1. Hey, fewest Cβ within 10 Å first, where do Asp111, Asp179 land in order?
2. Which trypsin sites (Lys or Arg not before Pro) does the range 58-115 hold that lie in a coil by DSSP with at most 14 other beta carbons within 10 Å?
3. Compute the distance from the alpha-carbon center of the range 479-537 to that of the range 195-245, in whole Å.
4. Under the Karplus relation 6.51 cos²θ - 1.76 cosθ + 1.60, θ = phi - 60°, what is the ordered set of whole-Hz ³J(HN,Hα) values for the range 438-451, x standing for Gly and Pro?
5. Which residues' amide hydrogens lie under 5 Å from the amide hydrogen of Leu80, considering only partners 5 or more residues apart or on another chain, with H built in the peptide plane?
6. FRET efficiency for Val25 and Glu88, Cβ-Cβ distance as r, R0 = 56 Å, nearest 0.05?
7. If you build the convex hull over the alpha carbons only and average its shadow over all orientations, what do you get for the range 477-545? Give it in nm² to one decimal.
8. Would you please give the residues with an amide H less than 5 Å from that of Asp179, counting only those at least 5 places away or on a separate chain, with H modeled from the backbone geometry?
Amino acid sequence: MKRKRISLDALETASQNIKPKMHVVPATNDEEDIYTAKVGKKILSSVSNKMDLTSKINQATMWSEICGTSFYKISWNSNLGQVVAVEEDGRKIKTGDVDISVCSPFEIYPDSCTHQSLEDCESIIHARVYSAEQIKHDFGVEVEGKDINVYSLDGAKASLGGLGYYGLATKLVETTKKDSAIVLEKYIKPNEELPNGRLIIIAGDKLVYDGEMPYINGVDGKREFPFVKQICNEEIGSFWGVSMIDRLIPVQRAFNAVKNRKHEYLNRLTMGVLAVEDGSVDIDNLEEEGLAPGKILVYRQGATAPEFLGGEQVPTDFEKEEERLLKEFFSLSGTSDIGTMESVSAMSGVALELLIDENETRLKFTTDSMKNAIKSMAKHILRLYKQYATFPRLIKIVGENGNLDISYFRGSDISSDDVQFDTNSETNDTLPQRRNMLFSLLDRGLLADENGKISNSMKSKILENLGFGIWESSVDLNDLHIKNADAENVAMSGGKEVSVKEIDQHDLHINQHIAYMLKNLYSADVDKKIEENFLKHIREHKKFKGE
């Protein structure tokens, strides 16, 4: 309905404000753990951009607001990533990558609906419809396809309670998928008999997998369900959340009833009520034809002429009840007068800011659930990369000003999966707020050095946060040298010989090369050729220094 659609738009705006900007807390205060924590943050930023995580969060939020519950599935897809080899039959071997998909509540079946969370369940079934062609591609088996009915969200024109009122409504629609089959995935949580859990996959009528749960995605190297739940409102003793629409339906019905009664009253006033003396006119003819313009009304001679009963007004109780129900609707749905331009145009900036804060407070439980879901997804992502990223992988991050940051990492570079939200991303994320904060810091001299001057690197960072980073040509040379040394590490670990440049910052390069050797080469069986390649390169740096 129209009012419900307004509330869903407010939730979509709220989900966009909760951008998946997170930081990883280092495992210890060691420099190596601090470095790996920075790598983890870059990984999360790269996956967020690559997977278009914001649109997936919006999609899951729509499901949770309509049905009360939605799910994210975080898995490893071997068909994604870069091509590393091509087999004789033309089949491409890829590095694989994290895959995030949104699951509707119609696809998830817990072992008991009385469990409060996923962690309480002993087993979970994921049922999804795939085309027969996709099943053959993913699982290598042929199944007989048939027509299967599925549910999806759709925006369509819907009635708003009768009397010709219509509006856009996001609603559930049933569609039919042809030549398809149901794929059932049953996940059994690890226990004493099954220390690594169990996964059973049935495509159509064929068993395609029966073995351990593949993903080490839990705390302390344990295996968990590859799902994250997001709800609208929690209900005690129930696995499923309570939809916002469940709370709005009684108010919407009452509002529709008041509207209908009001229009019935207006129709009666418009058409009028005719009073006639008994036996003075042909009642049957009058009821069938009414009093059309130009109609001649014949009444019995000597009788009282028919007349309209007038003087009635629409009772004010209709207006009061309608206004009260609208306020209750706004309060329950988390929207307010901010959705109408007439009221917003007459508000001051302070009043408008207070109204926005009030809306966010009403949506706090829903947004908290979204935050927890994003945080859990981030932990799953890092743990999957730690398990499957066995050789160097390239990540690219595009900043707000178009600057491109390229880094390499291995699974061994991920030492912590303690993910927290970056507080700045929620409180000071907008450009005006960021500018006000920076100007305040500049006025207090907190960004200057001990001599009261601002360094070139600090100028670059200030201008970047103000939105003018592309205007500043000065860059931090140390950061560039460190990135160059990291790229050399990856190249030398692959067996390539890298020459030392005269412009290198040799101390920084030597430290980066030694740290890489201690962390990666000497943590496993050392390849003597690669070790000698690194040592030769370090000697060249020292030779340039004159040591």
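Laboratory data are not the source of any read-out in this text; all were calculated from the coordinates shown. Keep in mind that what you see is a predicted model, and the values were worked out from it rather than measured. So basically every Cβ, Gly included, is an ideal-geometry build from the backbone, and we count neighbours across all protein chains shown.
1. Numbers: Asp111 16, Asp179 13.
With the sparsest Cβ surroundings first, the list reads Asp179, Asp111.
2. Arg91
3. 42 Å
4. These are the phi-based 3J(HN,Hα) values: 5, 5, 5, 5, 5, 4, 8, x, 7, 9, 8, 7, 5, 8 Hz.
5. Distant-sequence amide H within range of Leu80: Gly96, Asp97.
6. For Val25 and Glu88, the calculated efficiency is 0.75.
7. Details: hull surface 16.4 nm².
Quarter of the Cα hull surface area: 4.1 nm².
8. Distant-sequence amide H within range of Asp179: Lys146, Asp147.
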